Each structure stands twice: as structure tokens, then as C-alpha cells.
Amino acid sequence: MAPDVIVADDRMAAIRDGLLGWFGEHARNLPWRLTRDPYRVLVSEIMLQQTQVDRVVPYYEAFLARFPDERSLASAPTADVITLWKGLGYNRRAVNLQRAVQAVVDDLGGIWPQTVEGLRALPGIGPYTAGAVACFAFEQDVPFIDTNMRRVLHRLFIGPDFPEPMATDREIVALADEAVPSGSGWMWNQALIEFGALQCNARKPACVICPLQRQCAAFPDIQSIIMDLPRGSGRKKESPFEGSNRWYRGRIVDALRSAHDGDVGGIPLLELGAIVREDFSPDHLPWLRSIVGDLARDGLAAIAEEPAAYDAGQMTVVRLPG
Ligand code: SF4
């Protein structure tokens, strides 16, 4: 494929009109679509990473009820933020969110950067989130892509994305850049996300009732390709394998969260081991110490003891960070 996908003007115009028209009729009334507050947009974008819209809505509302603005989140104990995150998973997102907001409040005097570059300079903010905040809070006509947006762009402009994509990420990013309509970036990017979620989803795109059939490069083939795919060959949501270190990380954070919730404070390392692992013995201490050390480096745990006492296990107390 050529380095950049060339799209004829009339085809581009037809796809834009079709997608924006579809969005006008089908857009869900989601709370983060009613605001241009960068703090609220960032909270929604971080929560929506790896979590479905329906699950995010109640967490988003509860989070904003507890931390209604950037100053309330920046000054909160991290333990409270991690505790409120319970049930959403991927706890590092809570720590990263607070760190980014603290950088805005403490380093930038509460003034949000409005450019993708400025937003990317905040801790823990990657290219997708920076683009999404620049677009959805500051209405900048910027491109950004996640898995769902990439899939929609690929199908519409290039062809079926199964069994292998026909375009590279670089080509799709160039395409996303070309496709953003001047003055309508907010609407366009929201439409791409919504279309990928409701109409052109990964395994069962609703091609038969799709208003973009005529423009879609994938339409002539995609239904037969998908029907021929072996069952279960689509991308699956990654879940931590029971017994893996990632699984134990989640159990440890849950135990620390319960202790924080119950005002118990910290948990001695040996006790923590027995909580998270039925067969725990002192032989497991180096393993547990290593996982707790990783959690502390990620900002998800605090170790309250002298390093010399840490080896002993009995003297080491672990808690959520303050
Ligand atoms: Fe997606 Fe099918 Fe519509 Fe093409 S025709 S955009 S593959 S839903």
C-alpha cells in the first residue's frame, strides 16, 4: 500500500456526511458529552480505557460527586482515590489520573494545556488521551485513534481488517488526520467512537442496515470473511490469569483497600501474604516482597518500615499510599 491513503474529495465528503448524520440520529446521551471541562473529560477518558461505557457511567458520576474538580482530586489522599476506583480494575489508572491532575494544579497553577503536545507532557498521558482531551474539551480538530476508531477507519477507507489489517498504524493515523473535518472535530471523533461501539463493532458489524454501505471499502467482503473466521478468533479482552502475578497484584490492592476502608491502616507483610494466598508460607516472602515493591513503584502501595526490617516480613506494614 502507498505510504498514505489517498481519498477522493467526493468520497471523503460522502463518508463524513454519512457518519455525522448517523451520529446525529444514534448518539447516546452520555454525561461526558455534555461538558467541555478538561478535568471531567480526562476522568471519563481514563475510565473508558479498557472499560465499557455502561459500566463507566455510575463510576464517573460517583467519582465526580466525591472529587468535583481538579483541586479536590489533587489534594486527596491517593488511598481515597484508589478506594473509590474499586470495581473498575486497572488500578494504575487511578494513580495516573491523580498525578496528571496534580501536575496541572501544582505545576501549572490550575491552567490546563490546550494542545496535544502540552497535554502529552502531563504524567501518564499518552497520545490517545492527549488527543481526546484536546478535542473533547478544547474542541480542537485533531486526530487520535484507539482500537475501535482504527477498525472503523480501516473498514471504511481501506477494506476488511480481518484476518489481518491491510494498513499500518502509521497509515491509519495519516488517514485519521486527513478525515477530521475542519470545525467539526469534536463531532467527528465522537461519531467514530460511537459508530465503532454500536454499528461497526469488531465481530458483528451491522452491515445490512449500515447507511455507509455504498462508501465502505470493506462492505463487499466483510460479512463472508467474518462468517468464515473460526469461532473465538476476534480480539478478546485481556483478563489476568488466575495465579499470575498480575492477578495477585489485584488481590493485594483489594486487601489494602479493605484495610483502608475499615480504618485498619496497614497490613503486616506476613498477614498480607496469608490474605491473598491460601498456601502462603514464609518461603513466599521474596515473591510477595517483589510484587509489593512493584506496586509501591507504581504508586499503588506504601511500605511503612525501615528497609532492614522489610526482610523480616513481620515488621513490614503495607498500606495504600497516603
Ligand atoms: Fe462497518 Fe459494515 Fe458499515 Fe462497512 S458496511 S462501515 S463494515 S457496518
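The values are calculated or read from the model by the stated rules, or taken from the named source; none is laboratory data. The structure displayed is predicted, hence computed values, not measured ones. No Cβ is skipped: glycine too gets one built from the backbone with ideal geometry, and neighbour counts run over all protein chains shown. We work out accessible area using only protein heavy atoms, side chains counted, and drop any ligands, DNA or RNA first. Shrake-Rupley method; radii C 1.70, N 1.55, O 1.52, S 1.80 Å.
Go through (1) under 23 Å from D17 (Cα atoms); (2) more than 16 Å from the ligand (Cβ to nearest atom) and name the single condition V105 misses.
(1)
Within segment 189-226, can you find the residues that are within 6 Å of the ligand (Cβ to nearest atom), part of a loop (DSSP other than H, G, I, E, B) and in contact (Cβ under 8 Å) with a residue 60 or more places away in the chain? It would help to see each step written out before you state the result.
Going through segment 189-226, the residues within 6 Å of the ligand (Cβ to nearest atom) turn out to be 199-200, 205-207, 210, 212-213, 216, 218-219, 222.
Adding the requirement that they be part of a loop (DSSP other than H, G, I, E, B) leaves 199-200, 205-206, 210, 212-213, 216, 218.
Q199, L212, C216, A218, listed by residue number.
Look at segment 30-66 and say how many of its residues are assigned to a helix (DSSP H, G or I), over 14 Å from A137 (Cβ atoms) and touching a Gly at 6+ places or on another chain (Cβ under 9 Å).
Here the count works out to 2.
Within segment 90-109, which residues are surrounded by 14 or more Cβ atoms within 10 Å (Cβ to Cβ) and either part of a loop (DSSP other than H, G, I, E, B) or aromatic (F, W, Y) (or both)?
If the condition is that a residue be surrounded by 14 or more Cβ atoms within 10 Å (Cβ to Cβ) and either part of a loop (DSSP other than H, G, I, E, B) or aromatic (F, W, Y) (or both), then Y90, N91 are the ones that fit.
D10 passes all but one of (1) at pLDDT 95 or above; (2) charged (D, E, K, R); (3) open to solvent by 70 Å² or more (accessible area, probe 1.4 Å); (4) within 23 Å of C200 (Cα to Cα); which number fails?
D10 satisfies every listed condition except (1).
State whether one or more residues within segment 168-186 are away from the ligand (no atom under 16 Å from the Cβ), open to solvent by 50 Å² or more (accessible area, probe 1.4 Å), closer than 21 Å to R16 by Cα and polar (S, T, N, Q).
yes
Open to solvent by less than 10 Å² (accessible area, probe 1.4 Å) and at pLDDT 95 or above - does that describe any residue in segment 30-37? Walk me through it before giving the result.
Going residue by residue through segment 30-37, those that are open to solvent by less than 10 Å² (accessible area, probe 1.4 Å) are none.
No, there is no match, as no residue in segment 30-37 is open to solvent by less than 10 Å² (accessible area, probe 1.4 Å) and at pLDDT 95 or above.
Within segment 136-175, track down each residue that is under 22 Å from A13 (Cβ atoms), modelled with pLDDT of 95 or more and in contact with a Lys or Arg (Cβ under 8 Å, 6 or more places away or on another chain).
Once the filter is applied, which keeps residues that are under 22 Å from A13 (Cβ atoms), modelled with pLDDT of 95 or more and in contact with a Lys or Arg (Cβ under 8 Å, 6 or more places away or on another chain), segment 136-175 yields only E139.
Considering only segment 148-157, I want to know if a residue exists there that is surrounded by fewer than 21 Cβ atoms within 10 Å (Cβ to Cβ) and free of Cβ contacts under 8 Å to residues at least 40 places away in the same chain.
yes
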